[in-house]
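**Student:** Below you'll find the structure I mean.
Rule-based calculations on the coordinates, nothing more; no lab input. Remember, it's a predicted structure, so these values are computed and weren't measured experimentally. Positions of Cβ are generated from backbone atoms using ideal geometry, with glycine treated the same way; all protein chains shown enter the neighbour counts.
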Amino acid sequence: MSSQSVIEAARALQPLISEHRRAGELRARLVPEVVAAAGKAGLFRLFAPRETGGLEVAPSEAFLATAEIAAADPAVSWYMVNSIPACMAAAVIPETERRALFAEPDRNFGFSAVALATAKPAPGGFRLSGSWPVVTGCEDARWCALMARVVDESGPRLVNGRPEVRLFLVPTEQLDIAQTWQYAAAMRGTGSNQVTVSDLFVPEALATIPGSPPRIDRPLFRHSPMVLTLPIFAAVAVGVLQGSIQAATHEIKSKVSSVTGRALRDQTETQIAIADATAALRAIRAGCVETYAAVWRAVSAGEPVTSELKAELYASSFYAGDVAREMISTLYVKGSRAAFMQGHALERCLSNIHAIIAAIDARRGFHHSAGAVLLGAEPVEIGF
């Protein structure tokens, strides 16, 4: 599948995804038809090595495909972005373990970056214990990638003065899943339930260190995972804005204000809101893709990614999310009262964008550091 066909495949799936979106929200988990179709299209292995059946697409193409899916249902795109860490870890682990990880190549992967659990060194690996409160798509995944802190008898193990954190690849059948996501008010289709393990042995080969030298030595796997993956989360916000504009336009075209008696489409403030949101969508999408492509050119050429270029990439990513949230909030206010009802397209966009930005905010230090670098100072965030 070519990079361009990934975007085309994403667009082709939009009707199916939109058809089943409400059903996924009601069951607090994507419907099987959508998971199977997205998996077959390769959307859960955009950054997986070709040796595993992965597509290994250019990051900017992954960004655009993710945004197209998010416009139809951000829950599906959340399955996509949360599959990326396991896909990239596949380039680090030995071939035998890699084959096991992709024994069913169309499956999504669960993921949690919350390193609250602990891993104690044991002969040949680690003993993993703890809980991860939010693990997207865990019930549909065959494997989950879970972050945890390494501890020994003296306490947390330190590497360069910081706690050692590893990404553990664990078969889902070895996890205890608690049905917690049915109470979620946003992103309900992601099925982000809590998972728990107690003294589970994980082999050393499946306890990866993010940023380790890859066994599959190609550009996508050589650089810091943060640089190449954080913007994909911004793509979800861009897609939700795209979907909200579509929903608001459809709504406004056919509604008349019960207060003024005028068609909503004839009201100046409403017209400006649609115009501004449309312009904002084009601007943030183009800005992210431009900086993402510049980073990828440097990585592909084996050149260092300068701190200034990283700053531009991170700044574009966070700005895109913040602008999307602002514009969606405005469209919600300018829509009709029908948007206040649960299940309405604009109501879903509003709640979902806030949940998405809340998740992205965990990395807000990279936003602050981007500003510092652009002002000629050193980044505050370690790992920038």
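**Student:** Between the alpha-carbon centers of the range 145-206 and the range 45-115, tell me the distance in whole angstrom.
**Tutor:** 18 Å
**Student:** Sticking with this one: What fraction, in whole percent, of alpha-carbon pairs in the range 109-208 exceed 16 Å separation?
**Tutor:** 53 percent
**Student:** Suppose every Lys and Arg Cβ carries +1 and every Asp and Glu Cβ carries -1, with no other charges. What dipole size does the range 85-157 come out with about its Cα centre, to the nearest 20 debye?
**Tutor:** 200 debye
**Student:** Another one. List the relative contact order of the range 242-384 as a percent without decimals, with contacts defined as Cα pairs under 8 Å and 6+ residues apart.
**Tutor:** The normalised contact order for the range 242-384 reaches 26 percent.
**Student:** Let me ask you something else. Over the C-alpha atoms of the range 1-152, what are the Rg and the largest Cα-to-Cα span, Dmax, in Å?
**Tutor:** When restricted to Cα atoms, the range 1-152 yields Rg and Dmax of 16.1, 51 Å.
**Student:** Using all Cα-Cα distances in the range 293-353, what percent lands in each 5 angstrom bin from 0 up to the longest?
**Tutor:** Result, from short to long distances: 4, 17, 18, 13, 10, 9, 9, 9, 7, 4, 1 percent.
**Student:** I've got another one for you. Average projected area of the Cα convex hull of the range 10-62, in nm²?
**Tutor:** Across all orientations, the range 10-62 yields a mean hull projection of 4.1 nm².
**Student:** Take MET88, MET341, MET147, MET187 and order them by how many other Cβ atoms sit within 10 Å, fewest up front.
**Tutor:** MET341, MET147, MET88, MET187
**Student:** Additional query: Which helices count as membrane-span-like in the chain under these terms: full DSSP H, at least 27 Å along the axis by C-alpha, Kyte-Doolittle mean of 1.0 or more?
**Tutor:** 225-253
**Student:** Taking a cut-off of 28 Å between Cα atoms, list the lysines near LYS255, but don't count ones fewer than 8 places away on the same chain.
**Tutor:** Within the straight-line cut-off, LYS255 pairs with LYS334.
**Student:** Given the range 213-343, what whole percent of its Cα pairs are spread farther than 21 Å?
**Tutor:** Here the long-distance tail beyond 21 Å is 51 percent of all Cα pairs in the range 213-343.
**Student:** Provide SER224, SER60, SER317, SER112 in ascending order of the number of other Cβ atoms located within 10 Å of each residue's Cβ, fewest first.
**Tutor:** Taking fewest neighbouring Cβ atoms as first place, the list is SER224, SER60, SER112, SER317.
**Student:** Using r as the Cβ-Cβ distance of LYS120 and THR306, and R0 as 35 Å, what FRET efficiency do you calculate, to the nearest 0.05?
**Tutor:** After rounding, the FRET efficiency stands at 0.35.
**Student:** Still on this structure, I have one more. Can you compute log10 of I(q)/I(0) for the range 145-289 with the Debye formula, treating each Cα as one identical point scatterer, at q = 0.15, 0.19 Å⁻¹?
**Tutor:** -1.02, -1.25
**Student:** Below 10 angstrom from the Cβ of GLN182, what's the summed charge of the other residues (Lys, Arg +1; Asp, Glu -1)?
**Tutor:** +3
**Student:** Sticking with this one: Mind checking the full-extension length gain between GLN342 and GLU326? Use 0.36 nm per residue of separation minus the Cα-Cα distance, one decimal, nm.
**Tutor:** 3.7 nm
**Student:** Taking amide hydrogens as modeled 1.01 Å from N in the peptide plane, which residues meet the under 5 Å criterion relative to THR136, leaving out close sequence neighbours?
**Tutor:** HN-HN under 5 Å from THR136: PHE111.
**Student:** Give me the net charge for the shell around SER254: Cβ to Cβ below 14 angstrom, other residues only, Lys and Arg +1, Asp and Glu -1.
**Tutor:** Cβ neighbours under 14 Å give a net charge of +3.
**Student:** I've got another one for you. Which FRET efficiency value, to the nearest 0.05, is calculated for GLU97 and ASP266 with the Förster distance at 45 angstrom and r the Cβ-Cβ distance?
**Tutor:** Calculated transfer efficiency: 0.15.
**Student:** Under 14 Å Cα-Cα from LYS120, which aspartates and glutamates qualify once same-chain neighbours fewer than 8 residues away are excluded?
**Tutor:** ASP152, GLU153, GLU164, ASP199, GLU204
**Student:** Work out how much length ARG282 to VAL159 would gain on full extension: take 0.36 nm times their residue separation and subtract the Cα-Cα distance, in nm to one decimal.
**Tutor:** Net length gain for the segment: 40.0 nm.
**Student:** To the nearest 20 debye, what is the magnitude of the charge dipole of the range 223-374 about its Cα centre, counting +1 on the Cβ of each Lys and Arg and -1 on the Cβ of each Asp and Glu?
**Tutor:** 420 debye
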